[in-house]
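Reviewing the structure listed below.
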Amino acid sequence: MKPIPYGRQDISAADVEAVVAVLGSDWLTQGPVIPRFESAVAELCGSQFAVAVCNATAALHLACRALGLGAGDSLWTSPNTFVASANCAIYCGADVDFVDIDPATGNMSVAKLAAKLASAKKIPRVLVPVAFGGQSCDMKGIGKLAKKYGFAVVEDASHAVGGRYDGAAVGGNQYSDFTVFSFHPVKIVTTGEGGMLTTNNPELAAKAALLRTHGITREPEAMPSPWEEGAWYYQQVDLGYNYRITDIQAALGLSQLARISEFVARRHQLADRYDALLAPLAVHPLSRSAEAYSAFHLYVVRIDPAKTRRTRREVFDFMRAHDVLVNVHYIPVHLQPYYQRRGFHPGDFPSAEEYYQRAISLPMYFALSDEQQDYVVATLTEALG
Ligand SMILES: *Cc1c(COP(=O)(O)O)cnc(C)c1O
């Protein structure tokens, strides 16, 4: 039997055709497909602007730069995330701190955020809530606190493209300044490597687009000292990067977007099936929020130590040995050696640490068949003893 991964892309014949068409065109990068991909994502999300970049890590960095995050500022995020959600602050010379999670959902706890803000010596400039596994945080609660304390919100929705919150698509930025998506192959739709920023603020969108290409502009109105040299002329007006995506990648993304509702609907079927099949076992799925329609990037269960003597490590190793390539999301970011060197310690965020001890991510992707899922459940049943 072929091993069953925890996540996997689904590439159709139409996807392949779209990519091949770009390869035969005049533009491999900075051509007409990137703006079409951006418009399609903006439309999907109901956001005014979308800026496509080479990956979500770059998108997080550009969001922080566009918001003016810098030395002396701080950014708060969840410890239960990929390291990129925190690293973006350090790229800007700012400090990072974390807000502990609600272990029921794996998302940042808004009660803990409120308590931390109330006693903080310094209010963060930027908050990065992460839609863990594809389920939005309590964005209304976060939005209220953002207004009260005056910080910006960058929603790390790397897991959540195609999800909904409070009746609207994730990425519409009703409660945030920016939303970030990732198009890595394990996520919901893919471009190979790729990311996107959405925002409703025209200045922030322009700033992110400028920094995506070296801080270089060709538009005279964006130049502090315009002078007419000729059609070759450009000015570097800020320090940016080469964070561009290619037309080849954008073509794949645009083609994939046509199936996004199908992708997410199948993930929901699989999640509902897991919920039913796992109910008798010594595991607990994450709880679902009534306001969110998750994109179900991940299906995480927590092992119940009162109901099995098997440790997470034993369960994990058993599954892997039986060709079920389970994974763990996430090692708390503050426990990484780099962050411990910056002053964080075990015990700082106990809910994230305790959650991490028990969490295991089961296979979850569009093409996972019911039969494969049955095999995953049977293997897990055996693993739990
Ligand atoms: C995948 C991921 C990222 C980084 O995405 P890339 O596109 O690989 O840079 C950032 N944050 C979270 C929560 C992620 O899962």
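The values are calculated or read from the model by the stated rules, or taken from the named source; none is laboratory data. Quick caveat, the model's predicted, so the values are computed rather than measured. Cβ placement follows ideal geometry from the backbone for every residue including glycine, while neighbour counts extend to all protein chains displayed.
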- prompt: Out of curiosity, is Asn242 polar (S, T, N, Q) and under 30 Å from Ala265 (Cβ atoms)?
  reply: no
task: Go through (1) more than 16 Å from the ligand (Cβ to nearest atom); (2) crowded, with 20+ Cβ neighbours inside 10 Å; (3) of a type in the set (D, E, K, R) and name the single condition Arg36 misses.
output: (2)
task: List every residue pair whose Cβ atoms lie under 7 Å apart, where the two residues are 6 or more positions apart in sequence or sit on different chains, the first residue falls within segment 69-89 and is among the aromatic types (Phe, Trp, Tyr), and the second residue, located anywhere, is more than 9 Å from the ligand (Cβ to nearest atom).
output: Trp76/Asp97; Trp76/Phe98; Trp76/Val99; Trp76/Pro124; Trp76/Leu127
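Is one or more of the residues making up segment 211-225 among the hydrophobic types (A, V, I, L, M, F, W, C) and in contact (Cβ under 8 Å) with a residue 24 or more places away in the chain? Step through it out loud before you land on a result.
Filtering segment 211-225 for residues among the hydrophobic types (A, V, I, L, M, F, W, C) gives 211, 216, 222-223.
From what is left, the residues that are in contact (Cβ under 8 Å) with a residue 24 or more places away in the chain are 211, 216.
Yes, that holds for at least one residue.
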task: Answer yes or no as to whether Ala59 is within 14 Å of the ligand (Cβ to nearest atom), assigned to a strand (DSSP E or B) and either within 26 Å of Val189 (Cα to Cα) or over 18 Å from the mean Cα position of the chain (by Cα) (or both).
output: no
field: Hits in segment 106-155 - residues which are more than 16 Å from the ligand (Cβ to nearest atom), in contact (Cβ under 8 Å) with a residue 60 or more places away in the chain and among the hydroxyl-bearing types (Ser, Thr, Tyr)
entry: Ser109
task: Give segment 114-129 a look and list any residue that's under 20 Å from the mean Cα position of the chain (by Cα) and not in a loop (DSSP other than H, G, I, E, B), or say none.
output: Val126, Leu127, Val128
- request: Restrict the check to segment 227-244 and report whether at least one residue is touching a Cys at 6+ places or on another chain (Cβ under 7 Å) and either more than 20 Å from Ala160 (Cα to Cα) or surrounded by fewer than 16 Cβ atoms within 10 Å (Cβ to Cβ) (or both).
  value: yes
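Do we have Leu69 as at pLDDT 95 or above, farther than 30 Å from Gly7 by Cα and either under 13 Å from the mean Cα position of the chain (by Cα) or part of a helix (DSSP H, G or I) (or both) here? Before the answer, list the steps.
Details: at pLDDT 95 or above: yes; farther than 30 Å from Gly7 by Cα: yes; either under 13 Å from the mean Cα position of the chain (by Cα) or part of a helix (DSSP H, G or I) (or both): no.
Here the answer is no, as Leu69 does not meet what is asked.
Specify the residue that is farthest from Ser289 (Cα to Cα); the eligible residues are those in segment 136-195 that are assigned to a loop (DSSP other than H, G, I, E, B) and polar (S, T, N, Q).
Filtering segment 136-195 for residues assigned to a loop (DSSP other than H, G, I, E, B) gives 136-138, 150-151, 157-163, 166-167, 170-177, 183-194.
Checking the rest, the ones that are also polar (S, T, N, Q) come to 136, 158, 173-174, 176, 190-191.
Details: Ser136: 8, Ser158: 18, Asn173: 19, Gln174: 18, Ser176: 19, Thr190: 26, Thr191: 29 Å.
Per the criteria, the residue is Thr191.
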query: Does Tyr365 fit the bill of being touching a residue at least 24 places away in the same chain (Cβ under 8 Å), buried (at least 17 other Cβ atoms within 10 Å of the Cβ) and either within 16 Å of the ligand (Cβ to nearest atom) or acidic (Asp, Glu) (or both)?
result: yes
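Filter segment 167-226 down to residues that are of a type in the set (Lys, Arg) and within 25 Å of Leu257 (Cα to Cα) and give me whichever is farthest from the ligand (Cβ to nearest atom).
Result: Arg212.
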statement: Expected single match for in contact with an Asp or Glu (Cβ under 7 Å, 6 or more places away or on another chain), of a type in the set (A, V, I, L, M, F, W, C) and closer than 24 Å to Asp348 by Cα among Ala86, Ala115, Ala94 is Ala94
